[in-house]
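Presented below is the structure to which this report refers.
Computed from the coordinates by the stated procedures, all read-outs in this text should not be read as laboratory data. Please read these numbers as outputs of a predicted model, since none were measured by experiment. Note that we place each Cβ from the backbone using ideal geometry, even for glycine, and neighbour counts take in every protein chain shown.
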Ligand code: DX5
Ligand code: ZN
């Protein structure tokens, strides 16, 4: 099953509740929430208080992407705020295996995220413990950047790693997903697609999501 996760980073924050309702009505599967701390990435966004507010306006799973240093310190706060899925950047985790366990114990589904320059070998020994792997196809920090092409080969290699081990780990992609890139990303073996500017920057969210679905299938 293919999943579409609009990133609220590109939503109009002056009417966040309406924006979330609108993508829910347009057929979104998950709501992607980008948490940035101004240290791990050069931008600052939102924290648990926003996750808690989003939780009140939607029944969709909340997919919380932590681009922060020392994520262990905040995992339980985000889980309590209502995060369904919590992903952490492998580059920010000294004890990744422990962080994954912490997420699960807090009641959320764990995911690990790899920056464009981070090799797949970094998750070799945690693959069986995580529910999903998020491949960053831009350098994290901002919406609206261009898709980094070699992410396609990275997805294909990850798909093979997962298949070879007989796992059911989901592959998620984040960055530069749009009408032009989504089909090849899907064909490489992606399950879940994060899209910010391509959805919230479009005049009709439903038309955009419908068109994505036509390109990626069910
Ligand atoms: C980037 C974030 C993304 C961002 C994607 O650091 O992790 O989720 O919102 O934006 P687009 O879809 O515009 O590339
Ligand atoms: Zn993200």
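Return one quarter of the surface area of the convex hull spanned by the alpha-carbon atoms of segment 145-218, equal to its mean projected area, in nm². Show your work: numbers first, answer last.
Values: hull surface 19.5 nm².
Result: a mean projected hull area of 4.9 nm².
Given Cα positions, please report Rg to Rh for the chain, the hydrodynamic radius being the Kirkwood one. Provide the component values of the computation, followed by the final result.
Details: Rg = 15.8 Å, Rh = 17.1 Å.
Rg/Rh for the chain comes to 0.93.
For segment 1-119, what does the equivalent ellipsoid look like in terms of its semi-axes, each the square root of 5 times an eigenvalue of the Cα gyration tensor, given largest first in whole Å?
Numbers: eigenvalues 107, 46, 39 Å².
Over the Cα atoms of segment 1-119, the semi-axes work out to 23, 15, 14 Å.
Anyone know which of 130, 169, 118 comes out most mobile in the 10 Å Cα GNM of the chain?
Fluctuation is largest for 118.
Could you sort the peptides 41-49, 2-10, 86-94 by per-residue average Cβ neighbour count (10 Å cutoff), highest mean leading? Show your work: numbers first, answer last.
On the way: 41-49: 15.3, 2-10: 23.2, 86-94: 21.6.
Ranking the peptides 41-49, 2-10, 86-94 by packing returns 2-10, 86-94, 41-49.
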